[in-house]
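Okay, so here's the structure we're looking at.
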There are 2 protein chains.
Amino acid sequence: MGAARRLDDTFAALADPTRRGVIDLLREQPLRAGELAAAFDMSPPAMSRHLRVLRKTGLVQEDAVEDDARVKLYRLRPERFSELRAWLDEVEAFWGEQLQSFKEHAERTRAKKRP
Amino acid sequence: MGAARRLDDTFAALADPTRRGVIDLLREQPLRAGELAAAFDMSPPAMSRHLRVLRKTGLVQEDAVEDDARVKLYRLRPERFSELRAWLDEVEAFWGEQLQSFKEHAERTRAKKRP
DNA sequence: CAGATGGTTAACGTCAGCGTTAAATATTGC
DNA sequence: GCAATATTTAACGCTGACGTTAACCATCTG
């Protein structure tokens, strides 16, 4: 149940193009909150909330930088992506049975109509 | 660009728990629109719209059943899931470089402050 | 200490998504 | 032809997400 709720949040997080864009940028290098806001021509508060969403789902993580305590450096976190991959694997595990099931359902329906 | 838009829709489609539930059921066997509505204790119109969303993203496909032209049988369509997997692969391709990039960014920041 | 800088929270408006019921469309079977 | 069945479309209300600006907190710097 907890896992399902987390998947909800994960997919919702990824549904937003800005957030997917953020992930795309962080793929190459960690970036500061302000740099990300600028990259998407967006107000800092708006980006801040996107980052909160990504943090909450665990897709992203904020690190401090030793020189300046005001700066938050954001980077990706692999674990949650693995979870997503696990879901995909589970769904795709059943392709082979689809055709067979289709035939079975046809049988089932026909049987109901002609008992 | 078209692909990005489609990813938007795909993730948005999967963000809804009902629609993920539908996919979960269809994984085992194709089902009728009415059967799906009943399975989630939901009005037929509500389910109909969920199915429209899933159809639009191509995650699901509607087939006719030869006996009764009123009935629409829904089943999964593997192709779009592959597309999702491709996105995941792309994102995950860069894990190895993360640590290195982190160091580089630290350098970059420090250099800016002490030129 | 005063001002500037980096970031987040608060308050507000707008728009899109989800559910419901009522109506419409198409098909079946007597 | 006419009632029943399967599904979709239409119209309505509500709630939640996203963006903006203003205010707030912490930290750095001269």
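The values are calculated or read from the model by the stated rules, or taken from the named source; none is laboratory data. A quick note: this is a predicted structure, and the numbers were derived from the prediction, not measured. Positions of Cβ are backbone-derived with ideal geometry, glycine not excepted, and every protein chain shown enters the neighbour counts. Side chains included, ligands, DNA and RNA excluded: accessible areas come from the protein's heavy atoms. Shrake-Rupley method; radii C 1.70, N 1.55, O 1.52, S 1.80 Å.
Please go through the stretch B:76-92 and give me each residue that is closer than 18 Å to B:Leu51 by Cβ, in contact (Cβ under 8 Å) with a residue 40 or more places away in the chain and open to solvent by less than 50 Å² (accessible area, probe 1.4 Å), ordered by number.
Selection gives B:Leu76 alone.
Look at B:Arg49 and say whether it is basic (Lys, Arg) and more than 10 Å from chain A (Cβ to nearest Cβ).
Taking the combined requirement at face value, the residue satisfies it.
I need every pair where a residue in the stretch B:28-44 that is farther than 16 Å from B:Leu54 by Cα has its Cβ under 7 Å from the Cβ of a residue that is assigned to a loop (DSSP other than H, G, I, E, B), sequence separation at least 6 or different chains.
Taking only residues 6 or more apart or on different chains, the pairs are B:Glu28/A:Phe94.
So A:Arg52 passes all but one of these: (1) modelled with pLDDT of 95 or more; (2) in contact with a Pro (Cβ under 8 Å, 6 or more places away or on another chain); (3) not polar (S, T, N, Q). Which condition number does it fail?
(2)
Residues of the stretch B:15-52 being near DNA strand C (Cβ under 10 Å from one of its atoms), aliphatic (A, V, I, L, M) and open to solvent by less than 50 Å² (accessible area, probe 1.4 Å), which ones?
Answer for the stretch B:15-52, where residues must be near DNA strand C (Cβ under 10 Å from one of its atoms), aliphatic (A, V, I, L, M) and open to solvent by less than 50 Å² (accessible area, probe 1.4 Å): B:Ala15, B:Ala37, B:Ala46, B:Met47.
May I ask you to list the residues in the stretch A:54-66 that are open to solvent by 50 Å² or more (accessible area, probe 1.4 Å) and either over 12 Å from the mean Cα position of the chain (by Cα) or among the polar types (S, T, N, Q) (or both)?
A:Gln61, A:Glu62, A:Ala64, A:Glu66 - these are the residues of the stretch A:54-66 that are open to solvent by 50 Å² or more (accessible area, probe 1.4 Å) and either over 12 Å from the mean Cα position of the chain (by Cα) or among the polar types (S, T, N, Q) (or both).
How about the stretch B:47-64: which of its residues are touching a residue at least 12 places away in the same chain (Cβ under 8 Å) and of a type outside the set (Asp, Glu)?
B:Met47, B:Ser48, B:His50, B:Leu51, B:Val53, B:Leu54, B:Lys56, B:Thr57, B:Gly58, B:Leu59, B:Val60, B:Gln61
Can you pull out every residue in the stretch B:81-104 that is at pLDDT 70 or above and either outside any helix (DSSP H, G or I) or at the interface with chain A (Cβ under 7 Å from one of its Cβ atoms) (or both)?
B:Phe81, B:Leu84, B:Arg85, B:Leu88, B:Val91, B:Glu92, B:Ala93, B:Phe94, B:Trp95
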